[in-house]
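These notes are about the structure you will find just below.
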Amino acid sequence: MAVSPTFTCVCGVQKKTSNHWILAKVTSRGITFMPWDWDLALSNDIITLCGEGCASALLSRSLGDWKRPAVSTTEPTPIRGEERELAVA
Ligand SMILES: [Zn+2]
């Protein structure tokens, strides 16, 4: 039998045969998630993830990166309308 390569998630967990791992690819245009594929997983630009938790962590990290260039210090303050009570005679 061939020696299978070891895959490690960003969180440090090592892949075992029973795990349902996910693949992710981060490009300049965005992020893509894919079901596990041995051939794809061997690619250098593929991120191996141990599960949904790490996938969503990677996604929110990417979303944070996308926001960064457009960040402005002045956030619009929500205008709060005050309700007026009608005096009933
Ligand atoms: Zn993980």
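Since every read-out is calculated from the coordinates, none of them should be taken as a lab result. Since the structure is predicted, the reported quantities are computational estimates derived from the model, not experimental observations. Glycine also receives a Cβ, built like all others from the backbone with ideal geometry; neighbour counts cover every protein chain displayed.
Summary of values
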| read-out | value |
| --- | --- |
| Summed side-chain charge close to residue 8 - residues other than residue 8 whose Cβ falls under 15 Å, Lys, Arg +1, Asp, Glu -1 | +2 |
| Order of 58, 40 - criterion: other Cβ atoms within 10 Å of each residue's Cβ, fewest first | 40, 58 |
| Spatially proximal lysines relative to residue 67 (Cα-Cα < 25 Å; intrachain offsets below 8 disregarded) | 25 |
| Calculated log₁₀ intensity ratio I(q)/I(0) where the Debye formula runs over C-alpha points of region 8-64, q = 0.14, 0.24, 0.30 Å⁻¹ | -0.33, -0.97, -1.42 |
